[in-house]
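As structure tokens, the structure follows; a few thoughts come after it.
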Amino acid sequence: MKTKLSKIFILVLLILPGTLLLFSQESGTPVSSYELREELNRIYGADQELVSGTIYHKAPYGSVSGHPFCLSDEWKEGRVELDGKLYGNLLLKYDIVNNELVLNTLNLNNTSLQISLKTANISSFSLGDRQFISFPGSENEEKPVFCELVSSGPVNYLLLRKKEMRINSSAATDFEYKEYYNNYLVKNGELTRFRGRGSLFKLFPEYRKELRKYIFQQALVLGRKNTDDRAMLIDYCNKIISGQE
């Protein structure tokens, strides 16, 4: 049954005893649909597995430059780990302005339906080859914040992206989305701001010489948005710690 469900589509619904309710963010009023429950039972059987969430309302376009999503406003194939179960072959976007993970799925009429997934029970998800986990300290919140796990090992490199809408100084549009990069390192469960090479030298003074040499040899630029170069440095550091260098 799980295989059949994952192959066709995932319905984002919340089951209450004796009725099936589809919630809309716009009105906030539950709409009872006994007929829909009967149709679902006919197609999947009475034990179909459903994921809860709300209708996602698209971000405004036209007078706004940019978009509120992480990485891209295009749908990315990804996976979601929910309550210890892994759901694959999903089309996802992550709205980092409103902190909403959006699923593009189909309703019973085979038309597109965009759903904001309930993230309280989501431990991780992926967008393409990028892996996202709940940001340390927000795991137990009703709506946890997610960050990209850029590099993992004895030291994890986390990238927390944020966006906000601001008045645009140019005449092209009235508003624009401005993005901010917050880089962190996690060593032995402790979170540290990753401001630059100095942050790494402070964590590992014993490897300072090797790390400086690697930065020079690879001509790494470690600005806040130079995440690829930062990832190379952390990957190298993890190899040193693991005795692979």
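The values are calculated or read from the model by the stated rules, or taken from the named source; none is laboratory data. Note that the structure is predicted; figures quoted are calculated from it, not measured. Positions of Cβ are backbone-derived with ideal geometry, glycine not excepted, and every protein chain shown enters the neighbour counts.
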Since Gly223 meets every condition but one in (1) surrounded by 13 or more Cβ atoms within 10 Å (Cβ to Cβ); (2) more than 22 Å from Gly66 (Cα to Cα); (3) not assigned by TED's automatic domain parsing to the domain that holds Ser65; (4) not β-branched (Val, Ile, Thr), which condition does it not meet?
-> (1)
Can you find a residue in the stretch 220-228 that is small (Gly, Ala, Ser) and at negative phi?
-> yes
Taking Asn140 as meeting all but one of (1) in contact with a strand residue (DSSP E or B) (Cβ under 8 Å, 6 or more places away or on another chain); (2) of a type in the set (S, T, N, Q); (3) within 22 Å of Leu191 (Cα to Cα), write down the number of the exception.
-> (1)
Residue check: is Tyr184 buried (at least 18 other Cβ atoms within 10 Å of the Cβ) and not aliphatic (A, V, I, L, M)?
-> yes
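Enumerate the helices (runs of 4 or more DSSP H) found wholly within the stretch 190-245, keeping only those where 1 or more residues are in contact with a Cys (Cβ under 7 Å, 6 or more places away or on another chain).
Counting at least 1 such residues, we get 197-203, 208-218.
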Being in a strand (DSSP E or B), surrounded by 13 or more Cβ atoms within 10 Å (Cβ to Cβ) and not charged (D, E, K, R) is the filter here, so list the residues in the stretch 170-181 that pass it.
-> Phe175, Tyr177, Tyr181
Look through the stretch 115-140, keep the residues that are of a type in the set (A, V, I, L, M, F, W, C) and in a strand (DSSP E or B), and return whichever of them is surrounded by the most Cβ atoms within 10 Å (Cβ to Cβ).
-> Phe125
Answer residue from the stretch 156-172, given it is farther than 30 Å from Phe204 by Cα and charged (D, E, K, R) and is nearest to the chain's Cα centre (by Cα) among those | Lys163
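Among the residues that make up the stretch 162-181, is at least one of them under 19 Å from Gln131 (Cβ atoms), in contact (Cβ under 8 Å) with a residue 60 or more places away in the chain and in the same structural domain as Asn99 (by TED's automatic domain parsing)? Talk me through it step by step, then tell me what you get.
Step one: of the stretch 162-181, the residues under 19 Å from Gln131 (Cβ atoms) are 162, 181.
Add one more test, that the residue is in contact (Cβ under 8 Å) with a residue 60 or more places away in the chain, and what stays is 162.
In the following step, the residues that additionally are in the same structural domain as Asn99 (by TED's automatic domain parsing) were identified as 162.
Yes: one or more hits.
Say whether the condition of being of a type in the set (Val, Ile, Thr), in the same structural domain as Arg161 (by TED's automatic domain parsing), crowded, with 19+ Cβ neighbours inside 10 Å and closer than 22 Å to Lys163 by Cα is met by at least one residue in the stretch 77-93.
no
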